[in-house]
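**Student:** I have a structure here, written as structure tokens, and I will follow up with some questions on it.
The values are calculated or read from the model by the stated rules, or taken from the named source; none is laboratory data. Every value quoted in this text rests on a predicted model; they were computed, and no experiment measured them. When we count neighbours, we look across all protein chains shown, and the Cβ atoms used for this are built from the backbone with ideal geometry, even at glycine. Ligands, DNA and RNA are excluded from the accessible area calculation, which covers all protein heavy atoms including side chains. Shrake-Rupley method; radii C 1.70, N 1.55, O 1.52, S 1.80 Å.
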Amino acid sequence: MAVKDLNKIFPKEDSLLTKPRPYVNHSVEFKHPYSVKKRMEVLEKSGMNVFNFPAEMITGVDFLSDSGTTTMTNKQWASLHLGDESYGSNKGYFQLKKQVQKIFGKEFFNDPNKQKPNAFIFHQGRSCENALFSIIGRLGTGLIIPSNGHFDTTEANIMANKIQALNLFSKQLKDPLSNYHFKGDMDVDKLKDLLKKSHKKIPMGFLTITNNTGGGQPVSMNNVQQVSALMHKYDLPLFFDACRFSENAWFIKKYDKNYRNKSIKEIVKKMFTYVDGFTISFKKDGLVNMGGGLFIKEDGYFQKKYPQIADQIINLQILTEGHPTYGGMSGRDIMALVEGLKTVVELQYLDYRINQVKTFCKSLVDKGIPVLTPPGGHAVYLDMNKFFEDTDKKPGDFGGIAFTALLLGLYGHRACELGNFAFGTYNSKTKKETFPEVNFVRFAIPRLRYEQQDLEAAAESIKVLYDYRKQIPSVKAIYGKELSLRHFKAKFKFK
Ligand code: F0G
């Protein structure tokens, strides 16, 4: 019998329910089997703040962040050896230029010998934000920067420069029954009103793709288009916070019928035609452990409106980071980034990556645990208001903090409260807490790092704590509740 005839008899590979991972383990690291007793002791000593808990002692999954925690590919590890650590114009800089141009568009990385530089490398995302907003902050007083959802460091950098950071979350994000696939959109009606009333106070707008603070939800191409048109109508520039640009593009391919037959690379290119620049932490969709960038579109609204800003950024970069051709990155990290940017836009990679998040989410939904659905591309968010709905927990009892502490101490998995404590504030004068619109615990999944078994073990542990939710004690902050960015610094005790 001919081989091709056999192919007709048996079910096709694609029809099987379980797909193998699109990669194999290149090297592994064994964990030390720390006991529950030891973990609990250390947790108490670290003030029950999960950021202060030694990563080495995490016996389960470290969901604290998907940032800088990527397992690199063998090509990335190999590329480290090709790093050029020259103080000026290292080899990797030119490769990065080519790769950025290829992915985002030529207009985002000028040839510094021919045009004014418009591409700036920094050591991570927040240093780009610091540079940009410290310069924007000098443009006037009472300024407002609207977004679909500013990330916490973005918001903090904006506020540090006396600018208001305004989140215009979509209506669907707040509707638990909505099955809309792009809950990360900006509320366009609110933006319209804001522009009508206050456009003179708005130096620029931001769209975070995907919307990390807004449940990690993707933003639709339609929304990008509408927000861009509105901003441009008032001659105002729009930027992406582009940390998870390729994950966002995957959702557009999957759920927008106009883009079903387009490649990820085509969708990314199209998305970036609508913006005038972007900041990015390459620690996410750069697949590297360190790196960031600030890119201003040649001839875009930003460059035309603020022609002086590029020079100011270079000055700041030289003062605080390094020569513009390496910014804050080492030559070897730049090489790994060039390689990471090639992988991150591959459909095979993205399919696996985002389906892993989806499978974890489904496992939690099947166990009856209240999560934000449909999930975004990098994390699953537990809705803590619903989690504790039938208990006597009040918002000021910070159930999310207690839950993350117990999950870490008892079962060895580290998640992060991004809700009533992280985004709430305490007013020392009135002695009152104010709480945010959303109250999540986030399970961010590092790229290429964990297997299904790890995630299922975490889901089972979460279920146990859900079953015992009435026994989860309340916590009080014994240090730092009045501080800014308090979740990084505070210490807690069970009541
Ligand atoms: N913007 C977004 C949307 C982010 O998610 C982050 C980081 C940053 C900016 C800042 O980048 O860390 O390189 O300075 N997010 C990480 C997280 C820390 O866990 O979500 P950075």
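**Student:** Give the Rg (one decimal place) followed by the Dmax (whole number) of the stretch 323-479, computed from C-alpha coordinates and expressed in Å.
**Tutor:** Both quantities, over Cα of the stretch 323-479: 18.8, 57 Å.
**Student:** Additional query: Which lysines does K201 reach when only Cα atoms under 22 Å apart count, and residues fewer than 8 places away in its own chain are ignored?
**Tutor:** List returned: K162, K190, K192, K233, K304, K305.
**Student:** Considering Cα pairs under 8 angstrom that are at least six residues apart, work out the relative contact order of the stretch 75-343 and quote it in whole percent. Could you put the intermediate results ahead of the total?
**Tutor:** Values: 552 pairs, mean separation 79.4, N = 269.
Value for the stretch 75-343: 30 percent.
**Student:** What's the longest uninterrupted piece of the chain once you rule out the chymotrypsin sites (Phe, Trp or Tyr not before Pro) that are loop residues per DSSP with at most 12 other Cβ within 10 Å?
**Tutor:** Details: sites that count: F30, Y87, Y468.
For chymotrypsin sites (Phe, Trp or Tyr not before Pro) (loop position, at most 12 other Cβ atoms within 10 Å), the longest site-free span of the chain is 88-467.
**Student:** At 1.4 Å probe size, with no ligands or nucleic acids counted, give the accessible surface of V371 in Å², nearest ten.
**Tutor:** Roll a 1.4 Å probe over it and V371 shows about 20 Å².
**Student:** 7 Å from Cα along Cα→Cβ at both T273 and L139: what's the point-to-point distance in nm?
**Tutor:** 2.5 nm
**Student:** Simple spin-label model, 7 Å along Cα-to-Cβ: K31 to Q164 in nm?
**Tutor:** With each label placed 7 Å out from Cα toward Cβ, I get 4.5 nm.
**Student:** Something else: Near T213, within a Cβ-to-Cβ distance under 15 Å, what is the net charge of the other residues, with Lys and Arg +1 and Asp and Glu -1?
**Tutor:** Numbers: positive: R126, K174, K183, R244, K284, R442; negative: D66, E129, D152, E155, D185, D187, D241, D383, E417, E437.
Neighbour charge sum, excluding T213 itself: -4.
**Student:** So for the chain, averaging the separation of alpha carbon pairs under 8 Å that are six or more residues apart and normalising by length, what relative contact order in percent results?
**Tutor:** 22 percent
**Student:** In the stretch 10-71, if every C-alpha pair distance is counted and binned at 5 Å from zero, what percent goes to each bin?
**Tutor:** 3, 12, 18, 17, 13, 10, 9, 8, 5, 3, 2, 0
**Student:** So how much slack lies between K305 and A2, counting 0.36 nm per residue of separation and subtracting their Cα-Cα distance, in nm? Kindly include the intermediate steps, with their values, before the conclusion.
**Tutor:** Values: separation 303, 0.36 × 303 = 109.08 nm, distance 6.78 nm.
Contour length minus Cα-Cα distance gives 102.3 nm.
**Student:** Ok, one more. For the stretch 253-325, what's the relative contact order in percent, using C-alpha pairs closer than 8 Å and at least 6 residues apart?
**Tutor:** On the way: 54 pairs, mean separation 13.1, N = 73.
With pairs under 8 Å counted, the relative contact order is 18 percent.
**Student:** Where in the stretch 125-231 are there trypsin sites (Lys or Arg not before Pro) that are in a DSSP coil and have at most 16 other Cβ atoms within 10 angstrom of their Cβ?
**Tutor:** Values: sites: R126, R138, K162, K171, K174, K183, K190, K192, K196, K197, K200, K201; in loops: K162, K171, K183.
When the trypsin sites (Lys or Arg not before Pro) of the stretch 125-231 are filtered for loop state and at most 16 Cβ neighbours within 10 Å, K162, K171 remain.
**Student:** Could I get the Rg over Rh figure for the stretch 370-440? Both from C-alpha atoms, Rh via Kirkwood, rounded to two places. The partial results should precede the final answer.
**Tutor:** Values: Rg = 13.1 Å, Rh = 13.1 Å.
That ratio equals 1.00.
**Student:** If I take R0 = 25 Å and measure r between the Cβ atoms of H199 and S178 in this structure, what FRET efficiency does the formula 1/(1 + (r/R0)^6) give, to the nearest 0.05? Show your work: numbers first, answer last.
**Tutor:** Numbers: r = 30 Å, r/R0 = 1.19.
The calculated FRET efficiency here is 0.25.
**Student:** When the accessible area of the chain is split by element with a 1.4 Å probe, what percent falls to carbon and sulfur? Intermediate results must be reported in sequence, preceding the final value.
**Tutor:** Working: 12030 of 22610 Å².
Heavy-atom surface of the chain belonging to carbon and sulfur, 1.4 Å probe: 53 percent.
**Student:** How many angstrom separate the Cα center of the stretch 65-144 from the Cα center of the stretch 302-373?
**Tutor:** Here the answer is 10 Å between Cα centres.
**Student:** With the Cα gyration tensor of the stretch 269-386 in hand, convert its eigenvalues to equivalent ellipsoid semi-axes via √(5λ) and list them largest first in whole Å. Could you put the intermediate results ahead of the total?
**Tutor:** Working: eigenvalues 250, 67, 44 Å².
For the stretch 269-386, the ellipsoid semi-axes come out as 35, 18, 15 Å.
**Student:** While we're on this one: Dividing the Cα convex hull volume of the stretch 126-253 by residue count, how many Å³ per residue is that?
**Tutor:** Details: hull volume 12.0 nm³, N = 128.
For the stretch 126-253, the hull spanned by Cα atoms encloses 93 Å³ per residue.
**Student:** Something else about it: Quick check on the chain: helices-only [θ] at 222 nm, where DSSP H runs of length 4 and up contribute -39,500 (n - 2.57) each and the sum goes over total residues. Nearest 500, please.
**Tutor:** Numbers: 18 runs with 191 residues, N = 495.
Counting only the DSSP helices, I get -11500 deg cm²/dmol.
**Student:** Distances longer than 45 Å among the Cα atoms of the chain: what percent of all pairs is that? It would help to have the intermediate numbers written out before the result.
**Tutor:** On the way: 14627 of 122265 pairs.
When every Cα pair of the chain is considered, 12 percent fall beyond 45 Å.
**Student:** Just the number please: accessible area per residue for the stretch 75-343, 1.4 Å probe, all protein chains included, in Å².
**Tutor:** Numbers: 10700 Å² over 269 residues.
Averaged over the residues of the stretch 75-343, the accessible area is 40 Å².
**Student:** Which value in nm describes the separation of the simple spin-label points at K192 and I478, placed 7 Å from the Cα toward the beta carbon?
**Tutor:** 5.4 nm
**Student:** What translational diffusion coefficient, in µm²/s and rounded to a whole number, does the Stokes-Einstein relation yield for the stretch 75-343 at 37 °C and a viscosity of 0.692 mPa s, taking the hydrodynamic radius as the Kirkwood radius over Cα pairs? Please list the in-between numbers first.
**Tutor:** Working: Rh = 18.6 Å.
Result for D is 177 µm²/s.
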